[in-house]
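Asker: The structure that follows is given in the form of structure tokens.
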Amino acid sequence: MSSAFSLRRLGALCLKESRQILRDPSSGVIAFALPLVLLVIFGYGISLDAKGVRLGVLDEDGGAEAASFTSRLSGSTAFEVVPAASRAELDALLQEGGVRGYVVVPQDFTRRVYSGCGEPARVQLVTDGAEPNTANFLNAYVSGAWLGWSEARARELGRVAPAYPEVLARHWFNPAAESRHYLIPGSIVIIMTVIGALLTSLVVAREWERGTMEALLASPVSRAEILLSKLLPYYALGMASMGLIVASAVFVMGVPFRGSLWVLFVVTTFFLLSVMGLGLLISSKLRDQFESAEIALNVAFLPAMILSGAFFEISAMPEALRALTYLLPPRYFVDALRTLFLAGDVWRVLLPNIAFLAGTSALFLTLVARATPRRLDG
């Protein structure tokens, strides 16, 4: 094998690999069809917003005040109110999953409303604790509805409203308070991890399985030329996939993008080089397409899904797992993408993430270079 680097040979090898990509329909499916399917699943199938949650309501009082409060619940987009005739009916609905919680307005509700501050009116909320997040959402929404209604009724009755603290909410970076705007950048990280690792995990293994690696090693090409010829075409394919995903997120799903495209290009480049380097390393070691793809998905996808912070809050993890997340490139790509999409070019956040991704890309490419054979017995 020649040790001298030749741009002409590199161009010929890249052309050969590009033709292989065009002949192989699986590459196009992985790069373009799979990302769109995953983006739709993650973008529309996962939500942290409580909308249309089925809430049972029992009005034991039957008075005008009770009707006024229950109408406030019915007017909220957070609930789908399910009226009931008895507590037994509500308990049965809760056990069967027909509702996620229920509110009971007691019989003395109207009397307590008009009695003044001596006997404050109360309502009871029962939630399904098997789903803690939904239970917390119900508690917060019902408490907010109760607070707003009680203050309004106190003013109408000419009383001094309870001295609740006044909260003036302003949602920076996500004015609509849409969880989709927060989740989709993380979803893009998961998708690009799968795409980058899966595409390159098949490259070298396919050469060994087809017997073309022997011919390649017998030709006068350098190790750098082999590595770059396997990397550059798939890098271009990965960047095209990233462009398609970002355009779909912004123009179809309505996620704002407030950063610079050139910064997105730099961050994505370093991340793709990291995950593609990992895929090439696996492919070089195993030399079997099925095993390489399986290992790549387990090594790249699962940690990115669970430990990157894309869907699960890192601060809520045990300390040992929190420490482990600092070693994973997807964590830094998640942080960088969310900053670019929602806040813009915040360099105090972006620079550390870019630096880590540049370091991991250099590390994985160095390992791949060492693992790339120079002789048939290597």
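Here, each number is a calculation from the coordinates, and none is a lab measurement. Computed from a predicted structure; not experimentally measured. Virtual Cβ from ideal backbone geometry, glycine too; neighbours counted across all protein chains shown.
Asker: Quick one, what does Rg over Rh come out to for region 210-344 if you take C-alpha atoms and the Kirkwood Rh?
Answerer: Values: Rg = 17.7 Å, Rh = 17.1 Å.
Radius of gyration over Kirkwood radius for region 210-344 works out to 1.04.
Asker: What lysines does residue 285 reach when the alpha-carbon gap must be under 21 Å and sequence neighbours fewer than 8 apart in one chain are set aside?
Answerer: 230
Asker: Taking only C-alpha pairs under 8 Å that are 6+ residues apart, what is the relative contact order of the chain in percent?
Answerer: Over the chain, the number comes to 21 percent.
Asker: Here's another thing I want to ask about it. May I ask you to work out the translational diffusion coefficient for region 53-156 at 4 °C, viscosity 1.567 mPa s, via Stokes-Einstein with Rh from the Kirkwood sum over Cα pairs, reported in whole µm²/s?
Answerer: So the translational diffusion coefficient is about 93 µm²/s.
Asker: With labels modelled as points extended 7 Å from the Cα through the Cβ direction, what inter-label distance (nm, one decimal) is found for residue 317 paired with residue 24?
Answerer: So the label points at residue 317 and residue 24 sit 3.1 nm apart.
Asker: What FRET efficiency comes out for residue 5 versus residue 367 if R0 is 22 angstrom and r is the Cβ-Cβ distance? Round to the nearest 0.05.
Answerer: On the way: r = 20 Å, r/R0 = 0.90.
E(calc), rounded to 0.05, equals 0.65.
Asker: Which angle between 0 and 90 degrees, to the nearest 10, do you get for helix 132-156 versus the longest principal axis of the chain when only C-alpha atoms count?
Answerer: 40 degrees
Asker: Throw me the Rg/Rh for region 1-119, computed over C-alpha atoms with Kirkwood Rh, two decimals. Spell out each step's value before the answer.
Answerer: Values: Rg = 31.0 Å, Rh = 20.2 Å.
My calculation of the ratio gives 1.54.
Asker: In addition: Report the FRET efficiency, 1/(1 + (r/R0)^6), for residue 302 and residue 232, where r is their Cβ-Cβ distance and R0 is 25 Å, rounded to 0.05.
Answerer: 0.35
Asker: Obtain the nm distance between the two label points defined at residue 134 and residue 36 by a simple spin-label model: each point lies 7 Å from its Cα along the Cα-to-C-beta direction.
Answerer: Those two pseudo-labels are separated by 3.3 nm.
Asker: Among (1) 62, 43, 41; (2) 95, 43, 39; (3) 52, 49, 37, which is the computed Cα extents along the principal axes in Å?
Answerer: Checking each listed value against the structure points to (2).
Asker: Kindly put 341, 301, 271 in sequence by how many other C-beta atoms sit within 10 Å of each C-beta, fewest to most.
Answerer: Fewest-to-most ranking of 341, 301, 271: 301, 341, 271.
Asker: Residue 348 to residue 71: FRET efficiency via 1/(1 + (r/R0)^6), r the Cβ-Cβ distance, R0 56 Å, to the nearest 0.05?
Answerer: For residue 348 and residue 71, the calculated efficiency is 0.70.
Asker: Using alpha-carbon pairs under 8 Å, 6+ residues apart, how would you state the relative contact order of region 53-156 in percent?
Answerer: Relative contact order comes out at 30 percent.
Asker: In addition: To check you understand DSSP bridge types, tell me what percent of the beta bridges within region 53-156 (both residues inside) are antiparallel, rounded to 5.
Answerer: That works out to approximately 30 percent antiparallel.
Asker: Put +1 on the Cβ of each Lys and Arg and -1 on the Cβ of each Asp and Glu in the chain; which of 47, 300, 316 then has its Cα farthest toward the positive end of the dipole?
Answerer: Checking the options against the dipole of the chain, the answer is 300.
Asker: Turning to a different aspect of this structure: Using the 10 angstrom Cβ neighbour count as an exposure proxy, how do 370, 223 rank, fewest first?
Answerer: Details: 370 10, 223 19.
By the 10 Å Cβ count, ascending, the order reads 370, 223.
Asker: Follow-up question, since we're still on this one. Output the antiparallel fraction of DSSP beta bridges having both residues in the chain, as a percent to the nearest 5.
Answerer: The answer is about 30 percent antiparallel.
Asker: Further question: May I ask you to evaluate 6.51 cos²θ - 1.76 cosθ + 1.60, the Karplus curve with θ = phi - 60°, for each residue of region 237-243 and list the ³J(HN,Hα) values in order in whole Hz, giving x for glycine and proline?
Answerer: For region 237-243, the Karplus-derived couplings read 5, x, 5, 5, 5, 4, x Hz, x marking Gly and Pro.
Asker: With each label point set 7 Å from Cα along the Cα-Cβ vector, what nm distance links residue 47 and residue 327?
Answerer: Output for this residue pair reads 3.8 nm.
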